[in-house]
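Only one structure is covered here, and it is reproduced in the block below.
The values are calculated or read from the model by the stated rules, or taken from the named source; none is laboratory data. Because the structure is predicted, anything quoted here is derived from the model rather than measured. Heads up, the Cβs are rebuilt from the backbone with ideal geometry, glycines too, and the neighbour counts pull from every protein chain shown.
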Amino acid sequence: MSTLNLKIEFGGGLELLFSNQRSYQIALPSLVPKDNSTAEESLAMKEMKALDVDYLIHHMRDHMLQERVELFMEKDTVRPGILVLINDTDWELEGEGDYKLQEGDEVVFISTLHGG
Amino acid sequence: MAPRACALCQKGKAMVKRPKTGQQICRDCFFYVFETEVHNTITQSNLFKPGDRVAIGASGGKDSTVLAYVMKTLNERYQYGLELFLLSIDEGITGYRDDSLETVKRNQEQYDMPLKILSYDELYGWTMDAIVSQVGRKNNCTFCGVFRRQALDRGAAILNVDHIVTGHNADDIAETVLMNIMRGDIARLGRCTSICTQGEDTIRRSKPFKYAYEKEIVMYAYFKKLDYFSTECIYSPDAYRGHARAFLKDLEAARPSAIIDIIHSGEAFEIKEEIKATQKVQQTCKRCGYMSSNELCKACTLLEGLERGMANSGITDRARKKLEAEGPAPDNLRTIPYFKLASGNPTITVETPS
Ligand SMILES: [Zn+2]
Ligand SMILES: [Zn+2]
């Protein structure tokens, strides 16, 4: 099965939820379950879709987040107050969670909620 | 999706969706409109006049870091003729403020602005670490808020500035409007939206980012690669404010204009005369000379409680009566240096870049 290499970055204090590491290189399958389930054994009988940002967020929650999921996600997407940039472009211009990830894409998550 | 062209220059690739307008614009146009809107806020409210000495309240966080950068940019671009300073308050919080002050020290060099750091320890003889070890984590934010406000004014007097600008943004102000509504604090509701406040003889304070959305401030810092510090204060248990903020972010997600709409609502509350009449007249604190609505200012009241081992006496009526029953303050009580407003020539030394 083919995989895509992605770069994930954190800013604005969000890295504190992810082992205090600001940058990650990860590889994810190019086809993933449509229901965003990230458990390995569940792949066989599922309806699949091309890898998108929604799936990436669920993968980050299930396999990268160290603590306090409520500070990262709310209702199947990132919590309001977290900015997402895809290749330095506001994800609101790229279809948000529906954006289909490409090889080498860089996704940045920045919290706006930490002190001024 | 195919890349879209910038709605303003039609050339660059759109990279930001503006929360206020929904407009999709490129990075260079975003810098330009963000800076120009702050400039318009400044000129429309006549915040400054040429020759003003202005201190930027700098915490090392995103808002004040972007404010320092934008103030420097606009002062040069439009020749405001301002002398700019960085003013930081060191609350004495190990692992939080010491790290953020390192950021401010780097900003001092990056922006080439003189920096003054004033600490709670030198002013009050108490760090926040020491205060928390005595009062616990319940009322510590009350101490910190009162002490910071007075420390900023005193820092401004030391720098001999006319004016303090702070990084409060549109989201902060909308959040404060909501909290004042929830508390029923009508007097403060009208005041908290004003861009510039000045009491009887206090130093002017203003908020050039009053109409700047937090999202745009963070985007600006990201695209400009500005150096800022972001962690939560380790003593900040202000759950109420946290709920107000989460509620506001939910509203913004549903309708981005909610933030400006709430600020406009706050502005629409005029303080009626009879409410004004019940507000106390300002006088000066008999112990330290700072502006006060009582004989003693809030900081002196809180400090006396700390020094006499009854920290709650500045917080609850019952504890205050108990303190009064123990007699007047002893003569050797630690007090805050006498406050004098800046006048004449500055006689201070500021930290020099190392
Ligand atoms: Zn443009
Ligand atoms: Zn006083």
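The single condition among (1) exposed (fewer than 14 other Cβ atoms within 10 Å of the Cβ); (2) modelled with pLDDT of 90 or more that residue A:8 does not satisfy is (1).
Residue count for segment A:62-99 under the criterion of being within 10 Å of another protein chain (Cβ to nearest Cβ), surrounded by fewer than 16 Cβ atoms within 10 Å (Cβ to Cβ) and under 12 Å from the mean Cα position of the chain (by Cα): the result is 1.
When segment B:158-188 is filtered for residues that are of a type in the set (Ser, Thr, Tyr) and under 17 Å from residue B:58 (Cβ atoms), only B:166 remains.
Within segment B:198-208, at least one residue is under 15 Å from the mean Cα position of the chain (by Cα), at pLDDT 90 or above and assigned to a loop (DSSP other than H, G, I, E, B). All of (1) aliphatic (A, V, I, L, M); (2) within 14 Å of chain A (Cβ to nearest Cβ); (3) not in a loop (DSSP other than H, G, I, E, B) hold for residue B:84 with one exception: (2).
Looking only at residues in segment B:87-130 that are assigned to a strand (DSSP E or B) and among the hydroxyl-bearing types (Ser, Thr, Tyr), which one is farthest from residue B:161 (Cα to Cα)? I'd like the intermediate steps shown before the answer.
Filtering segment B:87-130 down to residues assigned to a strand (DSSP E or B) leaves B:87-90, B:115-119.
Going one step further and asking which of them are among the hydroxyl-bearing types (Ser, Thr, Tyr), we end up with B:88, B:119.
Numbers: B:88: 14, B:119: 18 Å.
Only one residue fits best here, namely B:119.
Please go through segment B:7-60 and give me each residue that is away from ligand 1 (no atom under 15 Å from the Cβ), assigned to a loop (DSSP other than H, G, I, E, B) and surrounded by fewer than 16 Cβ atoms within 10 Å (Cβ to Cβ), ordered by number. Passing the criteria: B:22, B:45, B:46, B:49, B:50, B:51.
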